[in-house]
1. At 7 Å along Cα-to-Cβ for each site, give me the label-to-label distance between H107 and A225 in nm.
2. Starting from the Cα gyration tensor of region 216-375, take the square roots of the eigenvalues, sort them a ≥ b ≥ c, and report rounded, prolate or oblate (rounded when a/c is under 1.5, otherwise prolate if a/b is larger than b/c, else oblate).
3. For Q301 and E278 in one chain, what is 0.36 nm times their gap in residues minus the Cα-Cα distance, to one decimal in nm?
4. Relative to a virtual label point 7 Å from the Cα of H286 in the Cα→beta-carbon direction, which members of region 227-250 show backbone nitrogen distances below 19 Å?
5. Within 11 Å, Cβ to Cβ, of Q311, how many net charges do the neighbouring residues add up to if Lys/Arg are +1 and Asp/Glu are -1?
6. Using the 10 angstrom Cβ neighbour count as an exposure proxy, how do V272, V361 rank, fewest first?
7. Quote the FRET efficiency, to the nearest 0.05, computed for E235 versus N338 with a Förster distance R0 of 35 Å and r equal to the Cβ-Cβ distance.
8. Would you work out if region 311-379 is rounded, prolate or oblate? Take a ≥ b ≥ c from the square roots of the eigenvalues of the alpha-carbon gyration tensor; rounded if a/c is under 1.5, else prolate when a/b is larger than b/c, oblate otherwise.
Amino acid sequence: MKKFNLGLVINPIAGIGGSVALKGSDGESTQKQAFALGASKQANQKAQLTLNHLAGFSEQICIYTANGEMGGDLAQALGFETQIIHQSAIPTQAIDTQKTIQALAHHNVDLILFAGGDGTARNVCEVAGEDIPVLGIPAGCKIHSGVYAITPGAAGQLCKKLIQGEMLTLAEADVMDIDETQFRQGIVKAKRYGDLLVPMDLRFVQAVKQGGKETQALVLDDIAADIIERMEDDEDCLYLIGSGSTTQSVMQTLDLPNTLLGVDAIYKQRLVGSDLTETEIWQLIHEYPKTKLIFSLIGGQGHIFGRGNQQISARIIKQLTKANLHLIATKTKLQQLNGQPLIVDTPDEQLNQALAGLIKVTTGFHDSVLYPVGFDHPTHKLKG
């Protein structure tokens, strides 16, 4: 079974000013003052409360983190397999958080856990990609951002759900911060600095918009609208449209002819290839500098590669890279799998294993979920 790759970033001085009434921890002078007043570090203790919920899954998890107090010491002490991907300065600085997040992005982790406050969330937001799911462990003085779990324990519960393969909605959550100088004068002035992609469960994370019962035609229209918006934002990209009725909705919305059981190609919302062979697809992705694949799953079975779309070969998938594979499906279609993972069954065993784990699935307009991918055989399941 492919391990769950968990990114961990701890801001060791997060919340250092809280216990000594400094109403924040931003800035070197504030931190020095906090230590002079007898403050002690608490972020690692908060992170441990989260990781304690994952103790029973230690053999299924590999933690990627920075050295020392930024995560390495804690992960190793708790018995997790640990990969150090950044050597932090002593004392740690904001740049260490940013460099660690950048390194985690290159390691394709399934989720990034970070312990800190709103200042830490800002550091993460400045460098985290839009497609990387993150979750904050509340450890700072100021927690105004919607990217944090309600408690450290709630963060652990949410991670456990992901490791067990439960389907959770991915939603954009605001990163907020307040001016500490004004806050110390009794003025609360919050500012939005961006958003991050967060796995949502309303019991554990700040509430977001909920959807009602799906109406198939309307949901397909929403999915199509999301994909077309991406096309408009990335005009110089060639889009390969895979087979199936879900992807057909994208072509119908664009008013373009569609090969229901084949692969079509569009560029600047114009059809440039129809019912393409593997060789034709291979040639196209070398003619265009940017190519993305929009594909769906086989209903009731859950296969995404290797069944019904052999035109999308292993070498094509490798050439595109995982970042350019965009899976679309209705939540109803995913729920019909009854928790069974999606299946990759190409002749390339190494590729099958590389694609296993969690994948982002677009399920509506600006609406997506994380869902597990397995390989080899439909009976392969991600178990807790």
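1. Result for the modelled spin labels: 3.9 nm.
2. Here region 216-375 falls in the oblate category.
3. Using 0.36 nm per residue and subtracting the Cα-Cα distance, I get 6.0 nm.
4. 238-240
5. -4
6. The most exposed by this proxy come first: V272, V361.
7. With R0 = 35 Å, the Cβ-Cβ based efficiency is 0.30.
8. Here region 311-379 falls in the oblate category.
Quick note: the coordinates plus some simple rules give every number you see, no bench work behind them. In this text, all values refer to a predicted model and were calculated from it rather than measured experimentally. Here Cβ is always computed from backbone atoms with ideal geometry, including for glycine, and neighbour counts include all displayed protein chains.
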